[in-house]
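Right, one structure below, let's go through it.
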Amino acid sequence: MPRLSVIVPAHNAADTIESAVRSTVRALPRDAEVVILDDGSVDGTADAARSVDDPRVRVLSRPNRGVAATLNDLLDATDSDFVARMDADDIVLPGRFRRQLHAVDRGADGVFSTVVTWGSGLPGVPRPSGISPDDFGMHLLLTNPVAHSTFLGRRSAVVDAGGYREIPTEDYDLWLRMAARGMRLQRLALPGLAYRVHPGQVTASAEWRRSSWENPEIAEAYSALAERLLGSPAVRITSLSIDDSRTGAEKLAEVDRFADDFGHALQAHSQPAQRALRRKLAERRAWLANRVRHEAGDTAAPSVPSSPPATPRQAYRAAVAADRRANASYPKSRFILRWFRRAQRWRAERGPLARIMFLIVGGSYKVATEGFMGIELPVSTHVGPGLRLRHGVGVVVNPASRIGAGVMIRQGVTLGNRKTSDDCPTIEDGVEIGVGAVIIGAVTVGAGARIGPNAVVFKDVPAGAVVLSPAADIRV
C-alpha cells in the first residue's frame, strides 16, 4: 500500500494527459503512485496516459459516468493513507507534494496551494498568499479560494465527510462539508500547480455556475458551515442574488445581516486575516449590490458589467469611450486615462509582443504620471469605465483598491494603505470623492455616495449617503 495516491480523472484529454502525468511523476515522493481513470474517452486518452512508462502509474478505463463518480471510483481503487488530486490538463510544479505532505504531517487534514495560470502567452504568477486552517472556513463562506487539482489530504477526512457528491462544484461542496465537520484545511502560499485556463472549461460556463448557485445540497452544506462559524445559518451570496422570492432591498438586508455576523466572528482572527476577509466581503457585497441595481433597471449611475468584454481590445475600447464622455471638458484627464487604459490593455494581452508593449507603454505611463504629474493610479488597479478624474494632482491609489463605473476622483485623494495590499476599499458605481479625502481599510463605499472634502473614511458607507468631515457625520 503506497502512502500517497495521486488520482487523475480524465475524459477526452489525449492532447494533454501525457504531459500532466509526466509532471506528476517527476514530483512524486517515495512510496507514491499515480492512478488515472479514463472516463469513457473517445480520443485515445488511455493510450496517451499509458505512454508514460513508469511502474508507479496505473491506468484504468470504464464507460463515461461523470467527474464526481470517477473521483469516487478512484478513491475505491486506491488504499493509501493520503490522496491528492490532479487534472489531466494541468502541470505539477516541483516540490508540491513534499510541501503538502509536510503540512499534513503537522496536523492539517487537507492542503491546497496557489496556482500559476497559463494557456497562452505569459503565465499569471500569484501573490504568495497562504490561508491558515483557522481562517479557511471563513474564506469558504465568501468564495472557493482554491483550485480542486491542488488538493492533498487524508483519505479518512475525505471519506468521513462523505466523499464526492454528483452535483455542480463537487469540490466546493466537499470543502464545505469537511470544514463544517471541523477538519483543518489550509492553502500554502507557494504555487504547486500550473493551472491551464481555456474557454472550454466547464467552470467557464455561466449555466454551470448558476446550477451550483441553485443546488439545494450545496446550500445546506454552506448553511451548516455558517452555523458552525457564525452561530447562525446563512444563504450563500451567489444564491441570494438569484432568489426571485426576495426584493433587492431584502437581498441587501440579508447580506448586511450576514456581514454583521461575519464581522463579529472575525474578531477571533488575526489582524491580517481580518483585513483580507473584510476586503473580500466588501467585494462580494458590491457584486450583489451591482446585480440588484441591474435587475431593478437603475440607471442613476453607470453599471459595471457582470462580465468583462470578451477580449482586452474590446475592454480597452469600451473603457476609453466611457472615459472620453465622462471627461469631455478635461483634456488632461482624457489624455491620462487613455494612456492608463492602453497600458491595461497590453498588460491583459498574452504573448511576447504584448509583454514588450506593456513594458514600453506601462513603464512610460508610470514615469510620467507618478514622476511628473503626481498621480499614482497603478495599471493593475481595477477601474470601471467612465472614471471622472478632476484636476488629478496628488492622487494616490493602492493597486488593490477597486473602483466602479462613473466614479469621480478629485485632487489630493488617497485610496487604501500603500503598505498593506489587503486593507483597501471598494468604491461602487457613481461615487463622488471630494478634494483631499482619504478612504482606508477594507470598506465599501456604496453606489452614488458622496465623500466630502478632506473626509476620512474608515468604515462602510451606505449607498447614496453623504460623508462630511469628520467621517462619523454620515447623512443617509
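At-a-glance table
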{"read-out": "Any pair with Cβ under 9 angstrom, 6 or more apart, that starts in segment 326-352 at a residue that is among the acidic types (Asp, Glu) and ends at one that is not in a helix (DSSP H, G or I)", "value": "Glu349/Gly121; Glu349/Thr311"}
{"read-out": "Complete set of residues in segment 356-410 that are in a strand (DSSP E or B) and touching a helix residue (DSSP H, G or I) at 6+ places or on another chain (Cβ under 7 Å)", "value": "Ile375, Glu376, Arg388, Leu389, Arg402"}
{"read-out": "Members of segment 281-318 that are modelled with pLDDT of 75 or more and within 16 Å of Val445 (Cβ to Cβ)", "value": "Leu281, Ala282, Glu283, Arg284, Arg285, Ala286, Trp287, Leu288, Ala289, Asn290, Arg293"}
{"read-out": "Of the criteria (1) surrounded by fewer than 20 Cβ atoms within 10 Å (Cβ to Cβ); (2) modelled with pLDDT under 95; (3) in contact with a helix residue (DSSP H, G or I) (Cβ under 6 Å, 6 or more places away or on another chain), which one Gly163 fails", "value": "(2)"}
{"read-out": "Single residue of Val83, Val67, Val35, Val8 found to be farther than 24 Å from Pro168 by Cβ and not small (Gly, Ala, Ser)", "value": "Val35"}
{"read-out": "Qualifying position, being hydrophobic (A, V, I, L, M, F, W, C) and either buried (at least 19 other Cβ atoms within 10 Å of the Cβ) or in a loop (DSSP other than H, G, I, E, B) (or both), among Ala234, Ala249, Ala253", "value": "Ala234"}
{"read-out": "Asp134 more than 30 Å from Ser223 (Cα to Cα) and charged (D, E, K, R)", "value": "no"}
{"read-out": "Helices (runs of 4 or more DSSP H) enclosed by segment 42-144 - at least 1 residues per element that are of a type in the set (Lys, Arg) and at pLDDT 95 or above", "value": "45-50, 96-105"}
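So that you can scan it fast, the table gives a plain yes or no per residue for (1) buried (at least 19 other Cβ atoms within 10 Å of the Cβ); (2) assigned by TED's automatic domain parsing to the domain that holds Trp213; (3) without any contact (Cβ under 8 Å) to a residue 12 or more places away in the chain:
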position	(1), (2), (3)
Asp76	no, no, yes
Ala84	yes, no, no
Arg96	yes, no, no
Arg99	no, no, no
Val111	yes, no, no
Pro168	yes, no, no
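The values are calculated or read from the model by the stated rules, or taken from the named source; none is laboratory data. Keep in mind the model is a prediction, meaning the values are calculated, not measured. Every residue, glycine among them, receives a Cβ derived from its backbone with ideal geometry; neighbour counts consider all protein chains shown.
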